[in-house]
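**Student:** For reference, the structure I am asking about is given below.
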Amino acid sequence: QQTFSGCGVTAKGMVFDGTNVWVACTGQSKMLRIQRALTGQLSSEEVALDFQPGALEFDGNYLWAVDESAPGEVAR
């Protein structure tokens, strides 16, 4: 078991893109990317954003995030 705490208590959404697990750090304008989820050699990286991500979805090509700082908007 590994634990990643880059988002603190504000993690609101999580999605797997086939390689990485992405966690929305709502209120912090960033996402946490947990890399190499399939290999078990996990590491994490913070990715800065210019909005506050909420719910996440992956459509097979793109990662989509609800923008919690602008209700009704989504970002790709």
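The values are calculated or read from the model by the stated rules, or taken from the named source; none is laboratory data. Note that the coordinates shown come from a computational prediction; the quantities given were computed from them, not determined experimentally. Cβ coordinates were reconstructed from backbone atoms using ideal geometry, including for glycine residues, and neighbour counts include every protein chain displayed. Note: areas computed on protein heavy atoms with side chains; ligands, DNA, RNA excluded. Shrake-Rupley method; radii C 1.70, N 1.55, O 1.52, S 1.80 Å.
**Student:** Within 11 Å, Cβ to Cβ, of THR10, how many net charges do the neighbouring residues add up to if Lys/Arg are +1 and Asp/Glu are -1?
**Tutor:** Numbers: positive: LYS12, LYS30; negative: GLU68.
That sum, taken over residues with Cβ under 11 Å, equals +1.
**Student:** Ok, one more. Tell me, what is the percent relative contact order of the chain, built from C-alpha pairs under 8 Å that lie six or more residues apart?
**Tutor:** 23 percent
**Student:** Here is a follow-up. Given a 1.4 Å probe, how much area per residue of the chain is accessible, in Å²? Present the calculation step by step, with values, prior to reporting the outcome.
**Tutor:** Details: 4790 Å² over 76 residues.
Result: 63 Å² of accessible area for each residue.
**Student:** If you don't mind, there's one more thing I want to ask. At a 1.4 Å probe radius, carbon and sulfur cover how many percent of the accessible area of the chain? Present the calculation step by step, with values, prior to reporting the outcome.
**Tutor:** Values: 2330 of 4790 Å².
It is 49 percent, rounded to a whole number.
**Student:** log₁₀ I(q)/I(0) of the chain at q = 0.22 Å⁻¹, via Debye over equal Cα point scatterers, no solvent, to two decimals?
**Tutor:** Treating every Cα as an identical point scatterer, log10 I(q)/I(0) equals -0.95.
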